[in-house]
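K.L.:
Input: one structure, supplied below.
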Amino acid sequence: MSTNKMDKRYLKLCQWLQDKYVDQRALLNTQHELSKQLVPLQGDASQRRYFRWNVTPKHAVIAVDAPPEVENTTAFVAIAKQWQLQGIPVPEIYFADSQQGFLLIEDLGDQLLLPLLNQDNAQYYYGQAFNILQQIQQSTSFFTDYSLPAYDQTFLQRELDLFHEWFVVEFLKIELNAIHKKMLQRMFEQIIDCALQQPQVVVHRDFHARNLMITNDVLRVIDFQGAVKGPATYDPVSLLKDCYICWPIEQVKHWWADWSKSLAVLNGFSPEQTWQWFQWIGLQRHLKVLGLFVRLFKREKKARYLQDLPLVVKYVEQVILSESDFADVASWWQDVLQPRWLNYYQTTKDSS
């Protein structure tokens with residue numbers, strides 16, 4: 001989006017805020033003076049912009065600019081309202097205009113979970129997170145005025161295609177022949193079958209330590225507008241094999257063995273079965289993320305996501321190179337993709 005277009009939206013947002021939330025006792029009543037009070041906050045992987053608005057010296061709210069052509073404000077509002085009714089800790093929405101793509105929501109502060117996480121407190125915070133996941137998964141039957149999209153074959157395939165299109169071809173400049181394309185597609189179909197055979201629940205779809213905030217030592221959930229109805233292991237693997245922080249695989253196994261028991265929909269399935277589901281749906285997520293991070297760099301000019309590629313590559317390799325079902329892909333990965341990736345990675349390290 002051009003700077004001029006962004007500036008126009010910013011002015012529209014200021015005017016919208018005045019129309020919706022002006023308090024003559026606390027605010028100066030002109031658009032120019034109001035706009036000075038909006039403090040821009042660091043954004044995320046989307047095209048949303050966030051601003052802190054100090055309505056009074058002791059009370060702030062967050063103004064959100066979510067361009068309607070690319071961001072789904074309707075979904076965010078519908079999900080937030082439903083989850084709030086169920087006690088799921090999401091920010092309160094004060095005003096929303098889906099047509100213009102403007103929101104005024106509760107200010108949860110600045111403390112993301114990610115920078116606080118360490119070996120000493122992970123058990124405590126992840127325990128909280130799994131309690132929230134349990135609530136989210138059990139919210140399936142509560143939606144009445146909004147229908148969650150299905151994380152179906154088409155949806156899953158579209159995400160997996162990001163890996164091929166953006167990471168393999170666009171980023172690493174690897175051209176696939178017909179045999180390699182067929183090989184990858186066969187693996188994609190196995191992963192999709194794994195996703196569809198699992199119990200289907202409400203899925204946040206980006207449940208990780210950058211989308212969990214801490215307010216008064218309690219976790220709060222953000223960035224949930226992409227929620228769908230899909231596989232029960234998707235959110236847990238997003239949390240425990242987080243793209244921004246890595247834990248030893250034995251620790252992840254221990255956590256999964258412990259906390260998966262709290263997820264009612266998985267009762268009756270063997271630990272071996274749920275662990276394979278966990279691993280394979282993690283592969284789907286991480287293949288998608290490799291493509292998504294590159295697209296964010298190439299198309300949105302968000303270079304900071306390149307620094308997270310090595311961990312995501314590691315997650316993918318952990319599964320592909322250990323699963324006999326993917327032996328042909330593992331050979332291609334080691335012979336073709338891995339050398340190209342290591343060359344890029346080493347070159348990048350040498351130049352930094």
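K.L.:
Using the Karplus curve 6.51 cos²θ - 1.76 cosθ + 1.60 with θ = phi - 60°, work out ³J(HN,Hα) for each residue of segment 200-206 in order, rounded to whole Hz, and write x for Gly and Pro.
P.N.:
9, 9, 6, 10, 4, 5, 7
K.L.:
What longest region of the chain stays clear of trypsin sites (Lys or Arg not before Pro) that DSSP places outside H, G, I, E and B and that have at most 11 other Cβ atoms within 10 Å?
P.N.:
Details: sites that count: Arg25, Lys58, Lys173, Lys301.
For trypsin sites (Lys or Arg not before Pro) (loop position, at most 11 other Cβ atoms within 10 Å), the longest site-free span of the chain is 174-300.
K.L.:
In this model, which of Lys241/Lys314; Lys241/Lys301; Lys81/Lys261 are farther than 21 Å apart at the alpha-carbon? List each step's numbers first, then the result.
P.N.:
On the way: Lys241/Lys314 11 Å; Lys241/Lys301 26 Å; Lys81/Lys261 28 Å.
Where the Cα-Cα span goes over 21 Å, the pairs concerned are Lys241/Lys301; Lys81/Lys261.
K.L.:
What residues have an amide H closer than 5 Å to that of Glu92, excluding those fewer than 5 places away on the same chain, when H is modeled at 1.01 Å from N in the peptide plane?
P.N.:
Glu106
K.L.:
Any idea how far the Cα center of segment 203-280 sits from the one of segment 151-198, in Å?
P.N.:
Here the answer is 22 Å between Cα centres.
K.L.:
Could you provide, to the nearest whole Å², the per residue accessible area of segment 210-343 with probe 1.4 Å? List each step's numbers first, then the result.
P.N.:
Numbers: 5180 Å² over 134 residues.
Roughly 39 Å² per residue, with all protein chains present.
K.L.:
I would also like to ask the following. Where a Cα-Cα gap under 25 Å defines reach, which lysines qualify for Lys58, not counting those fewer than 8 residues away within the same chain?
P.N.:
Lys58 reaches Lys20, Lys36.
K.L.:
Still on this structure, I have one more. Going by alpha carbons, how many degrees (0 to 90, nearest 10) lie between the helix axis of 338-351 and the longest principal axis of the chain?
P.N.:
Between helix and principal axis, roughly 50 degrees.
K.L.:
Need the list of lysines near Lys181 for cross-linking: C-alpha distance under 21 angstrom, and skip anything on the same chain fewer than eight residues off.
P.N.:
Within the straight-line cut-off, Lys181 pairs with Lys173, Lys288.
K.L.:
Also, quick follow-up: Among the GluC sites (Glu not before Pro) within segment 258-349, which fall in a DSSP loop and have no more than 12 other Cβ atoms within 10 Å of their own Cβ?
P.N.:
Values: sites: Glu272, Glu300, Glu317, Glu323; in loops: Glu323.
Passing both the DSSP loop test and the Cβ count: no residue.
K.L.:
Give me the percent of accessible area attributable to carbon and sulfur for the chain, probe 1.4 angstrom. Could the numbers behind the result be given before it?
P.N.:
Details: 8310 of 16510 Å².
About 50 percent, which is the carbon plus sulfur part of the accessible surface.
K.L.:
Continuing with the same structure: With θ set to phi - 60°, apply the Karplus curve 6.51 cos²θ - 1.76 cosθ + 1.60 along segment 299-306 and write out the HN-Hα couplings as whole Hz, x wherever there is a Gly or Pro.
P.N.:
Each residue's phi maps through the Karplus curve to give 9, 9, 6, 9, 5, 4, 6, 5 Hz.
The values are calculated or read from the model by the stated rules, or taken from the named source; none is laboratory data. As the structure is a prediction and not an experimental result, all values here were calculated from the model. Cβ: placed from backbone, ideal geometry, glycine included. Neighbour counts: every protein chain shown. Note: accessible area is taken over every heavy atom of the protein model, side chains too, but ligands, DNA and RNA are not part of it. Shrake-Rupley method; radii C 1.70, N 1.55, O 1.52, S 1.80 Å.
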